[in-house]
Amino acid sequence: MGAGMSRPQTFYIETFGCQMNAHDSEKVAGQLVARGYRPAASSDEADLVFLNTCAIRDKAEQKVYSRLGQFKADAQAGKKVVAVLGCMAQLEGEKIFRQVPFVSLVCGSASYRKLPELLVQIEAGQRQVTGLAYDDEPFETEFTRRSNPFRAYITIIEGCDKACAYCVVPFTRGPERSRASDSILAEARQLVEEGTTEIQLLGQNVNSYRDPSRRRLSFAELLAAVGGIPGIRRVRFTTSHPRDFTGEIVQAIDSHPTLCDHVHLPVQSGSTRVLRRMAREYTREDYLEKIALIRSARRAISITTDIIVGFPGETEANFEETLSLLDDVQYDGAFSFKYSPRPNTSALALDGQVPEEEQGRRLVVLQARQREIQLARNQSLVGREFNVVVESRHSKQPQWVGRTTTNRVVNFASSGEERGSTVPVRVTAAGPNSLVGERVQTV
Ligand code: SAH
Ligand code: SF4
Ligand code: F3S
């Protein structure tokens with residue numbers, strides 16, 4: 001940014017990581033627009049480039065560093081200001097300036113409300129500034145600039161008070177802070193009035209939610225209240241922690257058709273021994289009891305999960321327990337990862353590192369097994385009809401993409417649809433990761 005460049009400037013945000021980050025980027029964009037910055041169509045055209053980063057695995061960090069490298073020339077020539085936001089910023093702090101000297105601003109995910117002040121300092125010509133303290137009020141939403149007019153995120157709880165041995169999130173997102181139920185409901189009502197079809201309630205552990213207001217709604221009561229807002233069509237929530245998952249949540253889903261038929265319940269491992277070493281606070285049997293609760297619902301609720309392979313000390317037999325858990329639970333989807341050692345985490349002190357090669361082998365075996373399960377589950381749906389919310393259109397053919405309440409992606413042929421609308425689709429074919437269908441003509 002040359003000295004002669006004056007405000008307002010253009011900005012572009014690149015987002016890495018989870019949905020919490022995607023939503024944070026919307027909040028940051030809102031604040032920037034409120035300060036007179038204009039959104040640019042790409043990073044090439046922006047004076048200010050923000051990378052909203054993820055630190056969950058080493059690979060996630062490497063991706064950010066290599067992306068940062070691509071801005072080096074422009075930043076050094078004074079053509080661009082480069083800022084690092086998010087979990088890596090929170091975790092690494094000023095270390096980022098040492099690693100990448102042309103970065104001007106490092107602002108952690110916990111202090112976005114300071115961003116306008118930080119930008120004033122940058123505008124005044126300061127070369128490098130940081131904001132890293134945890135904010136007590138992380139939920140400010142008055143300026144949120146949502147990128148999808150039909151699906152809206154609402155953060156209901158920030159941070160994490162658990163201490164899973166492998167996980168860096170408690171260090172990047174800080175302690176658990178829940179948002180008052182009235183404020184959540186007011187935002188949800190407002191969004192529905194503005195035309196939002198689907199609301200996704202977000203938190204590292206949504207079901208650890210504790211209403212700080214006098215109403216003291218439980219998470220299940222909050223779900224029911226959001227699901228009962230007149231005009232709302234779909235409500236999703238993620239992520240649920242197995243230990244805090246209750247039958248009350250299943251009952252809420254059963255009695256509110258707007259609550260989607262999907263629970264994401266990360267198991268991490270099928271071995272009680274490994275779960276104990278991970279400090280997950282449940283056994284394989286406890287977890288299977290939660291699954292039984294979900295399976296006892298009147299509606300067919302789909303279940304997805306996260307799995308880590310090659311955690312320190314995981315034996316071949318332990319790994320096979322995870323494979324047998326896949327068979328027992330019959331997940332509709334699973335994200336699986338090789339264990340990645342992270343700074344500050346207690347797993348660094350554990351012995352029994354599993355070699356990278358062996359981690360890779362286990363991952364391939366696990367993914368192949370899960371793929372078969374998903375394929376069989378999806379193929380059992382061929383011939384059935386589902387309501388699908390239309391998300392987008394394929395670039396060329398008269399093909400559209402939508403999603404079922406169970407969160408399955410459906411590609412279907414149709415001459416014309418409206419994004420955000422709900423249409424009936426009959427499934428004609430199925431792959432492991434999506435369904436193919438045709439629009440059912442209604443009269
Ligand atoms: N709060 C959520 C998870 C957030 S992180 C929960 O408790 O389930 C998303 C996923 O990343 C985790 O479920 C885990 O499977 C994976 N993950 C977290 N730390 C990891 C690490 N150090 N190495 C590999 N995968 C990890
Ligand atoms: Fe990480 Fe565990 Fe907290 Fe999830 S519950 S964010 S895995 S520490
Ligand atoms: Fe990554 Fe932070 Fe989300 S570490 S997964 S962006 S909470």
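Descriptive notes on the structure:
- Criterion: at pLDDT 95 or above, aliphatic (A, V, I, L, M), exposed (fewer than 14 other Cβ atoms within 10 Å of the Cβ) and under 30 Å from THR405 (Cβ atoms) - qualifying residue of ALA317, ALA376, ALA349: ALA376
- Hey, PHE319 in contact with a helix residue (DSSP H, G or I) (Cβ under 6 Å, 6 or more places away or on another chain) and among the aromatic types (Phe, Trp, Tyr) or not: yes
- Failed condition for HIS262, given (1) touching a strand residue (DSSP E or B) at 6+ places or on another chain (Cβ under 8 Å); (2) surrounded by 21 or more Cβ atoms within 10 Å (Cβ to Cβ); (3) farther than 25 Å from ARG377 by Cα: (3)
- Residue under evaluation LYS162, criteria (1) surrounded by fewer than 16 Cβ atoms within 10 Å (Cβ to Cβ); (2) out of contact with any strand residue (DSSP E or B) (no Cβ under 7 Å at 6 or more places or on another chain); (3) assigned to a loop (DSSP other than H, G, I, E, B), criterion not met: (1)
- Long-range neighbours under 8 Å by Cβ, at least six apart or interchain, first residue closer than 15 Å to SER240 by Cβ and within 12 Å of ligand 3 (Cβ to nearest atom) within the range 160-174, second of a type in the set (A, V, I, L, M) and not in a loop (DSSP other than H, G, I, E, B): CYS160/VAL169
- Annotation note: of GLN19, GLN62, the sole residue that is surrounded by fewer than 17 Cβ atoms within 10 Å (Cβ to Cβ) and either aromatic (Phe, Trp, Tyr) or within 13 Å of ligand 3 (Cβ to nearest atom) (or both) is GLN19.
- Single unsatisfied condition, LEU348 versus (1) farther than 26 Å from GLU372 by Cα; (2) in contact with a helix residue (DSSP H, G or I) (Cβ under 7 Å, 6 or more places away or on another chain); (3) without any contact (Cβ under 8 Å) to a residue 24 or more places away in the chain: (2)
- SER183 of a type in the set (Gly, Ala, Ser), more than 16 Å from ligand 3 (Cβ to nearest atom) and part of a loop (DSSP other than H, G, I, E, B): no
- Residue check: GLN126 meets all listed conditions (1) part of a loop (DSSP other than H, G, I, E, B); (2) free of Cβ contacts under 8 Å to residues at least 24 places away in the same chain; (3) surrounded by 16 or more Cβ atoms within 10 Å (Cβ to Cβ) but one, namely (3).
The values are calculated or read from the model by the stated rules, or taken from the named source; none is laboratory data. Just so it is clear, the model here is predicted, and its values are computed rather than measured. When we count neighbours, we look across all protein chains shown, and the Cβ atoms used for this are built from the backbone with ideal geometry, even at glycine.
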